[in-house]
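The values are calculated or read from the model by the stated rules, or taken from the named source; none is laboratory data. In this text the structure is predicted, and so the values were computed from the model without any measurement. Methodologically, a virtual Cβ is constructed for each residue, glycine included, from the backbone with ideal geometry; neighbour enumeration extends over all protein chains shown.
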Amino acid sequence: MQSARSTIRKSSTTDAAGVASCASCTSSRRQKISSDAPWDKSIELCRESRVAATLALSEYIPTKPPFPGEKFDLIYAFSVFTHLSARSGKAVMEACRASIADNGLMAITIRPQSYWEIHDQKQNIVDVKAMHRDHMEKGFAYTPHGREPIDGDITYGDTSMTLDYIKENWKGWSVAGVEFNLQDAYQVIVFLRPVQSGD
């Protein structure tokens with residue numbers, strides 16, 4: 001990872017809560033950190049904590065990149081796609097694809113199927129068997145939290161997905177690697193690279 005650190009000039013997180021983690025993984029040579037979140041409270045907390053980043057409020061179902069015209073070497077999203085609906089996740093990936101440099105790297109976390117065995121039923125009750133079935137059959141299992149729909153979609157809940165789902169549904173991306181997260185066994189780290197036209 002040391003050699004990768006020196007090449008990062010611009011990095012972005014897709015959720016302001018992860019901006020401190022992103023800052024710690026990039027080097028002191030970085031020129032710019034940007035972060036966006038659809039929840040204004042995340043942005044407010046970052047400002048109160050004096051996080052040294054360009055912050056922006058994004059859409060829950062993005063229709064455009066939160067930093068128009070910017071290209072990032074690294075985009076980082078810890079515990080973001082573990083909570084997004086299929087529609088919201090796809091829209092976020094399209095916005096990130098428009099924002100990543102040609103040789104950029106995106107690091108995200110996803111939940112494995114085993115997450116459903118430890119899901120907190122006090123938070124929201126789910127049919128664990130149905131979640132397992134959806135994960136196995138569709139490669140994607142999602143249960144929404146009790147929130148208001150946005151454009152007909154409850155964008156936030158609990159999600160698990162497979163690498164095959166990513167490969168089949170997130171156009172313009174290729175899976176570059178996978179790492180197990182030693183801090184949280186239910187957050188698998190997936191590294192993605194943008195696919196260039198003609199690849």
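Select from the stretch 118-153 the residues that are surrounded by 11 or more Cβ atoms within 10 Å (Cβ to Cβ) and of a type in the set (D, E, K, R) and list them in ascending order.
ASP127, ARG133, ASP134, LYS138, ARG147, ASP151, ASP153
Being surrounded by 16 or more Cβ atoms within 10 Å (Cβ to Cβ) and over 19 Å from LYS167 (Cβ atoms) is the filter here; which residues of the stretch 102-117 pass it?
Answer for the stretch 102-117, where residues must be surrounded by 16 or more Cβ atoms within 10 Å (Cβ to Cβ) and over 19 Å from LYS167 (Cβ atoms): TYR115, TRP116.
Of everything in the stretch 61-84, what is at negative phi, surrounded by fewer than 21 Cβ atoms within 10 Å (Cβ to Cβ) and hydroxyl-bearing (Ser, Thr, Tyr)? Give them in sequence order.
Residue satisfying the conditions is THR63 alone.
Are there any helices (runs of 4 or more DSSP H) wholly within the stretch 79-198 with 3 or more residues that are of a type in the set (Gly, Ala, Ser), and if so which?
On the way: elements: 86-99, 128-138, 163-169.
Result: 86-99.
When the stretch 171-199 is examined, which residues are found to be closer than 17 Å to ASP102 by Cβ, among the aromatic types (Phe, Trp, Tyr) and surrounded by 18 or more Cβ atoms within 10 Å (Cβ to Cβ)?
As a first pass, look at the stretch 171-199 and keep what is closer than 17 Å to ASP102 by Cβ: 171-174, 176, 191-199.
So of that shortlist, the ones also among the aromatic types (Phe, Trp, Tyr) come out as 173, 191.
Hit for the stretch 171-199 is TRP173, nothing else.
Among the residues of the stretch 36-91, which ones are over 23 Å from ASP153 (Cβ atoms), touching a strand residue (DSSP E or B) at 6+ places or on another chain (Cβ under 6 Å) and polar (S, T, N, Q)? Give the derivation first.
Filtering the stretch 36-91 for residues over 23 Å from ASP153 (Cβ atoms) gives 44-55, 67-74, 76.
In the following step, the residues that additionally are touching a strand residue (DSSP E or B) at 6+ places or on another chain (Cβ under 6 Å) were identified as 46, 53-55, 67, 71-74, 76.
Of everything in the stretch 36-91, just one residue is over 23 Å from ASP153 (Cβ atoms), touching a strand residue (DSSP E or B) at 6+ places or on another chain (Cβ under 6 Å) and polar (S, T, N, Q), namely THR54.
Kindly evaluate THR159 against the criterion of being at pLDDT below 95 and either under 15 Å from the mean Cα position of the chain (by Cα) or loosely packed, with under 12 Cβ neighbours inside 10 Å (or both). Spell out how you get there, then give the answer.
Details: at pLDDT below 95: no; either under 15 Å from the mean Cα position of the chain (by Cα) or loosely packed, with under 12 Cβ neighbours inside 10 Å (or both): yes.
No; evaluated as a whole, the condition is false for this residue.
Against the definition (at pLDDT 95 or above and closer than 23 Å to PHE180 by Cβ), how does THR82 come out, yes or no? Spell out how you get there, then give the answer.
On the way: at pLDDT 95 or above: yes; closer than 23 Å to PHE180 by Cβ: yes.
So THR82 fits the description; yes.
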